[in-house]
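K.L.:
This structure is in structure tokens; I'll ask about it shortly.
The values are calculated or read from the model by the stated rules, or taken from the named source; none is laboratory data. A quick note: this is a predicted structure, and the numbers were derived from the prediction, not measured. We place every Cβ from the backbone using ideal geometry, glycine too, and count neighbours over all the protein chains shown.
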Amino acid sequence: MLGAFFIGIVILLFVGVPIGLLFYFIPKKLGYPKIAKYLAIAYGLFVLTVFFLTVFEDLLFTKSDAKEIVEAENFYLEDKFDILENKSASAIGDYYHTFTLKISEKDKQNAIKLITTSKSFTPGNVSNDSVISWQTERNFARATTKDCETENDYIRVKFTPGMDDYARINTSVFISKTENKLIFLEIDE
């Protein structure tokens with residue numbers, strides 16, 4: 001979060017402030033001081049809102065956000081759950097988001113059933129190296145989904161190509177064998 005804060009400050013200082021000054025000085029020079037003042041205030045409020053929403057994105061993450069994301073991957077949570085952890089990071093052209101949910105035993109069993117009955121399911125203990133290679137595999141032509149079982153988890157790895165080979169999205173959902181936990185990981189390149 002500290003890195004996002006400093007990046008936000010730099011963008012605010014080198015982009016937000018100069019544009020805000022233009023919103024103020026151009027109308028003022030043209031003889032409209034009240035309009036200049038209102039434009040500068042409105043622009044300043046807009047920039048501050050975007051800044052705070054970006055910097056505090058992880059703190060504003062809700063259960064409904066988590067449920068929506070998980071359901072987009074066809075994992076439906078029928079019972080109550082808790083968000084144990086949520087982290088995200090971004091850089092130019094890349095976005096990383098992961099969160100951990102404490103789910104009910106029933107939802108865990110439904111998720112395991114979804115993975116193990118899939119056509120792409122690889123039974124047995126797949127190595128972690130194989131899962132990592134699936135997460136970084138690049139088949140740009142089509143979306144692919146692979147389901148497997150490792151020593152500790154049931155895993156669904158999904159790759160979605162973007163337009164013109166851009167904005168590739170890799171998502172992984174891990175269902176713990178020993179705990180009632182669902183871990184979601186998304187890498188958007």
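K.L.:
Quick check on residue 118: is it modelled with pLDDT of 75 or more, under 14 Å from residue 183 (Cα atoms) and surrounded by 14 or more Cβ atoms within 10 Å (Cβ to Cβ)?
P.N.:
Against the criterion (modelled with pLDDT of 75 or more, under 14 Å from residue 183 (Cα atoms) and surrounded by 14 or more Cβ atoms within 10 Å (Cβ to Cβ)), residue 118 does not qualify.
K.L.:
Restricting the first residue to the range 51-67 and requiring it to be modelled with pLDDT under 70, which pairs with a second residue that is loosely packed, with under 15 Cβ neighbours inside 10 Å and not in a helix (DSSP H, G or I) meet a Cβ separation below 8 Å and a spacing of at least six or different chains?
P.N.:
55/1; 58/1; 58/87
K.L.:
Residues to consider are 14, 5; find the one that is modelled with pLDDT under 90, under 30 Å from residue 171 (Cβ atoms) and either out of contact with any Lys or Arg (no Cβ under 6 Å at 6 or more places or on another chain) or part of a helix (DSSP H, G or I) (or both).
P.N.:
Every option except 5 fails the conditions.
K.L.:
In the range 143-189, which residues are modelled with pLDDT under 85, aliphatic (A, V, I, L, M) and over 21 Å from residue 117 (Cα atoms)?
P.N.:
Of everything in the range 143-189, those that are modelled with pLDDT under 85, aliphatic (A, V, I, L, M) and over 21 Å from residue 117 (Cα atoms) turn out to be 163, 167, 169, 187.
K.L.:
List pairs: first residue in the range 136-159 and in the same structural domain as residue 73 (by TED's automatic domain parsing) and more than 14 Å from residue 124 (Cβ to Cβ), second residue at pLDDT below 80 and exposed (fewer than 12 other Cβ atoms within 10 Å of the Cβ) anywhere in the structure, Cβ distance under 6 angstrom, at least six positions apart or on different chains.
P.N.:
140/165
K.L.:
Within the range 84-115, work out how many residues are assigned to a strand (DSSP E or B) and either touching a His at 6+ places or on another chain (Cβ under 8 Å) or farther than 14 Å from residue 179 by Cα (or both).
P.N.:
Count: 13.
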